[in-house]
1. If the cut-off is a Cα-Cα distance under 28 Å, which lysines reach K144, setting aside same-chain residues fewer than 8 apart in sequence?
2. What length, rounded to one decimal in nm, is gained on full extension from A104 through to R7, with 0.36 nm per residue of separation minus their alpha-carbon distance?
3. Towards the positive end of the charge dipole of the chain, with charges on Cβ (+1 Lys, Arg; -1 Asp, Glu), say which of L20, M183, N130 has the farthest Cα.
4. Amide H of A55: which non-local residues (sequence gap of 5 or more, or other chain) have their own amide H closer than 5 Å, using H built in the peptide plane?
5. For labels at S118 and T93 in the simple 7 Å Cα→Cβ model, what's the distance in nm?
6. Is the C-alpha gyration tensor of segment 34-101 telling us rounded, prolate or oblate? Criteria: a/c under 1.5 is rounded; beyond that, a/b larger than b/c is prolate, otherwise oblate.
7. Rg and Dmax of the chain, Cα atoms, in Å?
8. Evaluate the charge dipole of segment 34-101 about its Cα centre and quote only its size in Debye, nearest 20, assuming +1 on the Cβ of each Lys and Arg and -1 on the Cβ of each Asp and Glu.
Amino acid sequence: MINEIKRDTETRMSKSIESLRHDLTRLRTGRASTALVEHLKVNYYGSEVPLSQVANVSVADARSIQITPWEKPMVAAVEKAILASDLGLNPNTAGTIIRINLPALTEERRRELTRHVSQEGENAKVAVRNIRRDAIHQVKELLKEKMISEDDERRAEDEIQKLTDRHVAEVDAVVKAKEEEVMAV
């Protein structure tokens, strides 16, 4: 019973951290990354599909992304999707190849991005703590129903707290690494 709660708690906490990592990959840093544009939705013959399903997305060099649509008519649709996004990027088209040059980030923009990364980290920590609260509540319910002893409850709460501390430390490490990546010139 308690082991089930701990397993579920650890799984949910790990998913929170993976979600944080996924969200941070979309954040624009000084280097080009395909994750920056792969999630964009493109109008493909009337239906919205991710860019990665209609084109080959690759990093040409440290400051540019190259997009090669598989069909020539898709070039205009891909360009339109990039311009409509909130990324603030301008595509350059040469035949069937679309290039996106990423300008260098200013110091002010880097600091703004680090604040955003910190905020995302805090949100992830709150999610982890909410999962801890739910798990401890489940353990207390077991005690109330007399399915476990008070010693088992205390032990389970300690183990859940250790899980929480480990995952909060992992969130801090992910945030610190991303902040260093953003601040690197």
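1. K6, K162
2. Net length gain for the segment: 30.5 nm.
3. M183
4. W70
5. 4.2
6. Values: a/c = 1.56, a/b = 1.31, b/c = 1.19.
Because a/c hits 1.5 or more and a/b exceeds b/c, segment 34-101 counts as prolate.
7. Just the Cα atoms of the chain yield Rg and Dmax of 22.3, 72 Å.
8. For segment 34-101, the charge dipole is close to 120 debye.
Every number in this text was worked out from the coordinates using simple rules, so none of it is lab data. None of the values given here were measured: they were computed from a predicted structure. So basically every Cβ, Gly included, is an ideal-geometry build from the backbone, and we count neighbours across all protein chains shown.
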